[in-house]
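This report refers to the structure that appears directly beneath it.
The values are calculated or read from the model by the stated rules, or taken from the named source; none is laboratory data. Just so it is clear, the structure is predicted and the values come from calculations on it, not from any experiment. Positions of Cβ are backbone-derived with ideal geometry, glycine not excepted, and every protein chain shown enters the neighbour counts. Remember, those area values only see protein heavy atoms, side chains included, never the ligands or the DNA or RNA. Shrake-Rupley method; radii C 1.70, N 1.55, O 1.52, S 1.80 Å.
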Amino acid sequence: MVAEQIEARGVEDERVLEAMRAVPRERFVPKPYARLAYEDCPLPIGKGQTISQPYIVAYMTSLLELSSGERVLEIGTGSGYQTAILAELAREVYTVEILESLSVRAQGLLAEYENIRFRVGDGSEGWFEHAPFDRILVTAAPPTLPASLPAQLRVGGSLVAPVGGKRQELVKVSRLEDSFRRETKGGVRFVPLVGKGG
Ligand code: SAH
């Protein structure tokens with residue numbers, strides 16, 4: 001998976017590749033799909049949601065440029081697979097999931113990690129009590145980026161999110177001293193963000 005789907009497509013961050021090798025993806029995929037866990041595609045995880053394609057997980061993680069000391073907010077815990085990758089690479093991960101059953105399942109799978117905090121609820125407006133964050137990763141697509149998310153970045157921090165409706169684009173927003181820089185990083189396809197920001 002790592003060599004053919006991820007390195008071959010240009011993800012070079014060695015720490016990201018190592019985390020992708022270390023986390024057993026089949027644990028996060030529902031039983032009937034376990035033998036497809038390492039295939040080059042997203043898979044259903046129930047409730048109409050999906051675990052993202054391995055390459056997309058690696059690519060988005062690499063855009064965050066994590067160096068191990070960061071506090072990261074993730075919106076959309078889903079299967080918990082991306083959460084595990086973040087927990088391998090950052091100091092603390094705060095993850096929000098709107099569907100309780102998915103969060104509860106992920107909490108069970110991620111019990112061994114001591115650096116993850118879970119919340120069930122609408123993550124459209126981030127997680128105010130724990131802001132500011134060094135990084136924010138959104139794994140469901142809002143039609144436009146809710147302003148409260150970049151507002152919860154510390155100066156020097158950055159956010160990665162899929163944005164759009166039928167056509168979505170990966171967006172990276174960096175918080176500078178007194179402005180924000182926005183870059184686009186290619187087309188993607190995510191489930192829609194629901195809640196206030198949806
Ligand atoms: N990173 C996950 C992706 C799951 S799909 C994985 O690889 O498994 C996106 C998830 O975002 C879904 O579980 C969905 O329920 C959740 N979601 C959608 N809108 C949300 C919101 N407003 N707040 C928190 N989670 C949300």
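Points to keep in mind about this one:
- Structure remark: mean-square fluctuation, Gaussian network model of the chain, C-alpha springs under 10 Å; the largest value among Leu153, Leu86, Leu176 belongs to Leu176.
- Fluctuation leader among Ala151, Ala22, Ala140 - the chain, Gaussian network, Cα springs under 10 angstrom: Ala22
- Taking region 53-73 and a reference point 7 angstrom along Cα→Cβ of Leu176, the backbone N atoms nearer than 20 Å belong to 64-65.
- The chain shape via C-alpha gyration tensor axes, a/c threshold 1.5: rounded
- Antiparallel bridges, percent of DSSP beta bridges restricted to region 101-198 (to nearest 5): 75
- The stretch between Glu4 and Val104, if pulled fully straight at 0.36 nm per residue, gains 32.7 nm over its current Cα-Cα span.
- Sulfur and carbon atoms: percent of accessible area, the chain [1.4 Å]: 49
- Zone of Glu14's modelled label, taken as backbone nitrogen in region 55-75 under 14 Å from a point 7 Å along Cα→Cβ: none
- Pairs of Lys residues in the chain, spaced 8 or more positions apart or belonging to different chains, with C-alpha separations under 24 angstrom: 7 in total.
- Beta-bridge orientation, region 1-145: approximately 20 percent antiparallel, per DSSP, counting only bridges with both partners inside.
- Comparing Ala161, Ala87, Ala34 in a Gaussian network model of the chain (Cα springs below 10 Å), the most mobile by mean-square fluctuation is Ala34.
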